[in-house]
1. With +1 assigned to the C-beta of every Lys and Arg and -1 to the C-beta of every Asp and Glu, and no other charges, what is the dipole magnitude of the range 256-376 about the Cα centre in debye, to the nearest 20?
2. Grab the Cα-Cα distance for Gln302 and Cys372, subtract it from 0.36 nm times how many residues apart they are, and report the gain in nm with one decimal.
3. Can you give the convex hull volume per residue for the Cα atoms of the range 29-156, as a whole number of Å³?
4. Would you calculate the volume per residue, in Å³, of the smallest convex hull containing every Cα atom of the range 28-241?
5. Which Cα, out of Val144, Val343, Asn54, lies furthest along the positive dipole direction of the chain (beta carbon charges, K/R +1, D/E -1)?
6. Which FRET efficiency value, to the nearest 0.05, is calculated for Ala78 and Asn267 with the Förster distance at 45 angstrom and r the Cβ-Cβ distance?
7. Can you list residues from other chains, or at least 5 along the same chain, whose modelled amide H is less than 5 Å from the amide H of Thr146?
8. Along each of the three principal axes of the Cα atoms of the range 299-395, give the extent in whole Å, ordering the values from largest to smallest.
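None of the figures in this text is laboratory data; all of them are computed from the coordinates on show. None of these values were measured; they are calculated from a predicted model. For neighbour counting, all protein chains shown are included, and Cβ atoms are generated from backbone atoms with ideal geometry for every residue, glycine included.
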Amino acid sequence: MAFAEPLPEPISASLRRPETGGTLTIDVAAIAANWRTLARRTRTAECAAVVKANAYGLGVEAVTSKLDGAGCKTFFVADLAEARRVRACARGAVIYVLGGFSPDIGPGYIDVGARPVINSTTELAEWDAFVAANNWRGGAAIHVDTGMNRLGIPYDRAVKDFETIAKLPGFTIEGVFTHFAMADEPRHSITQEQHDRFTACCDALQKAGHDIPMRHCANSAAIVSHPGTHEDLVRAGIMLYGYNPISGGQELSPVMSLKAGIVRCENIAKGSGVSYGHTWCAGQDSRIATISIGYADGLARQLSGRVQFLLHGKPVRQIGRICMDMCMLDITDFPEAQTGDAVTIIGQDGQARMDARDYAALLDTIPYEILCAVGKRVPRVYLQNGTVVKEACDIDFL
């Protein structure tokens, strides 16, 4: 997907009423700037981009197009369907599929030109048979499990298993990697232990005569907290999208904002209940606004009555239960508020800012989940240097 010519209308404090609810605005120039920041930080290691889960909910086509244009050469996705979407936007890129290999979808790898991540000795044997039968030399990466205990060949068996599989005629090691479990806790010793295990495994393979063109370990957290693990490549994920997984770490360029418009303002009498179950009742004569965003759009129902948004640059309290498609605000102290005004769920409004971390803390989760949860029906509006360059709804891409 190439970016279109800039659209004439800027994003303003008064939203145009979309055909669906809220609007997610993504600054693609900020994503590219974050990638460049990380690429400079990692110096000799290549900086790859993790764009799985629809680029963490922000739109894989737009994000991939921008990063490809900025010079990013390698992308990681979760499955082959995501790889197809990336390939459509980055014709010359290297694409790795983290979910592994199955003979049933082998032809898809040839069609897309993607490279599977091999997560078990069974997959190794299946991949070897597939490439031998199809004379395919697209390459694959080997995942060694050094302590995550999720996917990958256990490190204490890897050398022995590789010795057996590497004798098969179609097998070539293109790269070996591992994934850290606790890199976001810089003082914990497990990351160094994992790296030591990984290094020992790679060294043993090399001593056995196996070339390893590419080693990589570092996710976003390790890019910051463990520079000694950068190896040949780093996998930048959440940091591309503006969030540092290390508490108190380097701030990055903000990437996104989520807004919804007021669709109704109404005065209610003291004692009146609001929303399902009347969990909030007015303690005085009050003015209530309804906005067009709800849990179907990613605003978790568990946040009901616990959060504030921003209206005209000031905090405004959400009240009552969050509904599927909308929720309500107490705008008694906002006499100027009217239908059509924009309410900021995430992002900057004047001097104030709402952050995905605020919601994550309340839900005992992480910003990753907040970003990924933004509903598919929410339109994505892409900015570059303050100008709208693309508008799309994610459902158009599925």
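1. Values: 12 positive and 13 negative charges, 27 e Å.
With only Lys, Arg, Asp and Glu charged at Cβ, the dipole is about 140 debye.
2. Working: separation 70, 0.36 × 70 = 25.20 nm, distance 1.65 nm.
Contour length minus Cα-Cα distance gives 23.5 nm.
3. On the way: hull volume 15.7 nm³, N = 128.
In the range 29-156, the Cα convex hull volume per residue is 123 Å³.
4. Working: hull volume 23.4 nm³, N = 214.
Convex hull volume per residue, Cα atoms: 110 Å³.
5. The residue sitting most towards the positive pole is Val343.
6. Details: r = 49 Å, r/R0 = 1.08.
After rounding, the FRET efficiency stands at 0.40.
7. Long-range HN contacts for Thr146: His179.
8. 37, 33, 25
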